[in-house]
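Enquirer: There's a structure below that I have some questions on.
The values are calculated or read from the model by the stated rules, or taken from the named source; none is laboratory data. These figures come from a predicted structure and were not determined experimentally. Note: ideal-geometry Cβ built from the backbone for every residue, glycine included; neighbour counts use all protein chains shown. Quick note on the areas: whole protein, heavy atoms, side chains included, nothing else; ligands and nucleic acids left out. Shrake-Rupley method; radii C 1.70, N 1.55, O 1.52, S 1.80 Å.
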There are 2 protein chains.
Amino acid sequence: MGGDLAPKMVVRGANIARKRHPDVKFLFYGVEDQIKPLLDKHKTLRSISEIRPAETVITADEKPSQALRGGRKSSMRLAIDAVSGGEAVCAVSAGNTGALMAMAKFVLKTMPGIDRPAIASFFPTLRGESVMLDLGANIQCDAQNLAQFAIMGDVFARTVLGTVRPSVGLLNVGSEDLKGSDTLREAASILREASLINFHGFIEGDDIAGGTVDVVVTDGFSGNIALKTAEGTARLYTEFLRRAFKHSLITQLGYVFARPALNKLKSRVDPRRYNGAMFLGLNGICVKSHGGTDAKGFANAIGVAIDMYGHGFLGKIREELEALQEPQGAVATAAESV
Amino acid sequence: MGGDLAPKMVVRGANIARKRHPDVKFLFYGVEDQIKPLLDKHKTLRSISEIRPAETVITADEKPSQALRGGRKSSMRLAIDAVSGGEAVCAVSAGNTGALMAMAKFVLKTMPGIDRPAIASFFPTLRGESVMLDLGANIQCDAQNLAQFAIMGDVFARTVLGTVRPSVGLLNVGSEDLKGSDTLREAASILREASLINFHGFIEGDDIAGGTVDVVVTDGFSGNIALKTAEGTARLYTEFLRRAFKHSLITQLGYVFARPALNKLKSRVDPRRYNGAMFLGLNGICVKSHGGTDAKGFANAIGVAIDMYGHGFLGKIREELEALQEPQGAVATAAESV
């Protein structure tokens, strides 16, 4: 029921996703009267789906604490309960991010060795794709949180993206060792000493799109600002491009010939392509779709969740975290002693 | 002497700037043997310039404290001394940012009512241009610092950009009043209560390029990350555009016809156009050029400094700050009581 165009775009998104992932089955949580007529339009989807009526719906402006307390029978909560109960392998929602994270954290719980879950997403870069976390779940982070995000990002890049020995960078205002806050310097020294991952060191904002590292680690404040600044800049560039071609008769003629290339670019930078933010560090898979996306974007978010499940991300990260609990595992040991 | 292509691009940049600003005179601080032959190539520039030999040059990797202590006879320091001594109206450098800020702060001193200077720059937006500060001078800021940045940004937009009643936004991870850190919420309440400026409230990363406000206020950490993320994203977009046109014979043919529009876009997003970061809050004008820029970019940085001088920014901001010292000026009074 979440998102600007829900539940229509959710049902349509599922219909796109089921073609890409023929083994998948869907449970739709929400207002039955709204979902049923939509589902009836897609026969095949209908045959692999069940509607689970929910008494309430979490609204976009509800506070996380409010949603937690009052939303026990909401569609959002029931979907997460299904993951926790083993009825579903993942939950995907385009609703209220704060409420979704609070509920997922409360119901699914963080994994042993992880103090706080993080929101992660893919980014296009000059060299391919990178993962960045946290994108807004934790406004303030200590060095241990950042070190744990680094471990999660590393496992994610290896299992889901298939990157061999992914490089991990800490987002800072300079690449020199002395730059930034005490927290960042402490996190860097933990990661350097633990030598569990391929730690690149500090990176700067332009390294995100530059693809300097495979995994960008940052606190939720800076991560959210970087994510949205990048989105805004891409939108600005697209608009400048549009204006440039509208400028005169000559440029408008040029547009006709440039269209094949511009369409290529459009699909390359299509935000729907990167839709689907993953909640990492929980005992279950939960993916947040952009609220303003359409069916195509929502289908991609479903794909992200299915990929995490298919690549066995949860089992893999559990193994890694258990290995870290051994005496030689510096990060987890240090985390426990705090 | 600062910047990758100095001193050549500095002299050439001055030669471009003197055509745009016929009344200006230049003092070149640095290694005479390097500057003289360059200057001799430009007769007119030569006639309005003086070379001031400096014993040393601040290097790019020198720490600010080191530069402060050991750089008393450096070209950078002598240029700032010239502003402080009244011999020059502004200093422009493409050298080490940290060293330049430390020296400028030490020599020029902060204005009464301002605790910390900030680095500000222009940004292209969907609606025109905005100013953002701080871009990296202050990694950690308290609410009073942010409130003072807001005042400086407001005065800057009014005097230098000529914006009538500029709107000022605080960069945060959500636009709701409850979002973000205590510091941000406190800064917002100071600005709301003081009602000295047209305070818009919180904005998010995508509002920067969106042009939601005329002045974006943030701490130096987030500001630096936003600035560099935007730069990196623009570079990525440019590269994707280039690749799209290179893709096939058809797209390559399209490029020929699209060139007028693409050239328009190129000039619109040219980073040289926005070169020149201003140090605000000091008793003197100091502008930092990007180290990697060329003559055209350096000429723009000189133009920024001349504009600040021409619009009487220093006098105007001094007046505003004095008015704030009056009992009804909540920001300055609160700042004094801290």
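Enquirer: Which FRET efficiency value, to the nearest 0.05, is calculated for A:ARG318 and B:GLU176 with the Förster distance at 41 angstrom and r the Cβ-Cβ distance? Numbers along the way, then the final one.
Expert: Values: r = 35 Å, r/R0 = 0.86.
With R0 = 41 Å, the Cβ-Cβ based efficiency is 0.70.
Enquirer: Is there a simple number for the mean count of other chain Cβ atoms within 10 Å of the Cβ of residues in B:215-228, and what is it? The partial results should precede the final answer.
Expert: On the way: counts 0, 0, 0, 1, 1, 1, 11, 8, 3, 8, 14, 9, 5, 13.
Mean number of neighbouring Cβ atoms from other chains: 5.
Enquirer: Taking 0.36 nm per intervening residue step and subtracting the Cα-Cα distance, what contour gain separates A:TYR309 from A:ARG72 on full extension?
Expert: Values: separation 237, 0.36 × 237 = 85.32 nm, distance 2.55 nm.
Residue separation times 0.36 nm, minus the Cα-Cα distance, leaves 82.8 nm.
Enquirer: Residue farthest toward the positive end of the dipole of the stretch A:189-284, with Cβ of Lys/Arg at +1 and Asp/Glu at -1: which of A:THR233, A:THR251, A:ILE203?
Expert: A:THR251
Enquirer: Still on this structure: Shielding by partners for A:172-182, please: the mean number of other protein chain Cβ atoms within 10 Å of each residue's Cβ. Can you show the working numbers first?
Expert: Numbers: counts 4, 11, 6, 0, 3, 0, 1, 5, 3, 3, 1.
For this peptide, the per-residue mean of nearby foreign Cβ atoms is 3.
Enquirer: So what's the back-of-envelope 222 nm ellipticity for chain B, counting only DSSP H runs of four-plus at -39500 (n - 2.57) apiece and dividing by all residues, rounded to 500? Walk me through the intermediate numbers first.
Expert: Working: 14 runs with 177 residues, N = 338.
Using -39500 (n - 2.57) per qualifying helix, the result is -16500 deg cm²/dmol.
Enquirer: Please report how many Lys pairs in the stretch B:25-146 have alpha carbons closer than 24 angstrom, counting only residues at least 8 apart along the chain or sitting on separate chains.
Expert: 10
Enquirer: Given the C-alpha centroids of the stretch A:224-251 and the stretch B:162-209, what is the distance between them in whole angstrom?
Expert: Between the Cα centre of the stretch A:224-251 and that of the stretch B:162-209, the gap is 25 Å.
Enquirer: Ballpark to the nearest 100 Å², how much total accessible area do B and A bury together, probe 1.4 Å? Present the calculation step by step, with values, prior to reporting the outcome.
Expert: On the way: alone 17040 and 17040 Å², together 29340 Å².
It comes to approximately 4700 Å² buried between B and A.
Enquirer: To continue, here is another question. Taking the Cα centre of chain A as origin, sum charge times position over the Cβ atoms of Lys and Arg (+1) and Asp and Glu (-1), and report the length of that vector in debye to the nearest 20.
Expert: On the way: 40 positive and 36 negative charges, 394 e Å.
It works out to roughly 1900 debye.
Enquirer: Next question, about the same structure. Using only atoms on other chains, find how many Cβ atoms lie within 10 Å of each Cβ of peptide A:272-283 and report the average.
Expert: Values: counts 0, 0, 0, 0, 0, 0, 0, 0, 0, 0, 0, 0.
Mean inter-chain Cβ contacts per residue within 10 Å come to 0.
Enquirer: On the accessible surface of the protein assembly as shown, probed at 1.4 Å, how many percent belong to carbon and sulfur atoms? It would help to have the intermediate numbers written out before the result.
Expert: Numbers: 15030 of 29340 Å².
Result for the protein assembly as shown: 51 percent of the exposed heavy-atom area is carbon or sulfur.
Enquirer: At 0.36 nm per residue, and after removing the present C-alpha to C-alpha distance, how many nm does the segment from B:LYS8 to B:LYS266 gain when stretched out fully? Could the numbers behind the result be given before it?
Expert: On the way: separation 258, 0.36 × 258 = 92.88 nm, distance 2.44 nm.
So the extension gain works out to 90.4 nm.
Enquirer: Ok, one more. Just going by the charge dipole of the stretch B:92-235, with Lys and Arg at +1 and Asp and Glu at -1 on Cβ, which of B:GLN144, B:THR218, B:THR110 is farthest out on the positive end?
Expert: Going by the charge dipole, the pick is B:THR110.
Enquirer: Oh, and also: Which of B:PRO7, A:PHE156, B:ALA295 sits closest to the plus end of the dipole of the protein assembly as shown, meaning its Cα is farthest towards the positive end, when Lys and Arg get +1 and Asp and Glu get -1 on the C-beta?
Expert: It is B:ALA295.
Enquirer: Between B:LYS109 and B:GLU239, what length in nm is gained on full extension when 0.36 nm per residue of separation is reduced by their alpha carbon distance? Please report the intermediate quantities before stating the final value.
Expert: Working: separation 130, 0.36 × 130 = 46.80 nm, distance 4.26 nm.
Answer, rounded to one decimal: 42.5 nm.
Enquirer: Just the accessible area per residue of the stretch A:2-136, please: how many Å² with a 1.4 Å probe?
Expert: Working: 6560 Å² over 135 residues.
Accessible area per residue, the stretch A:2-136: 49 Å².
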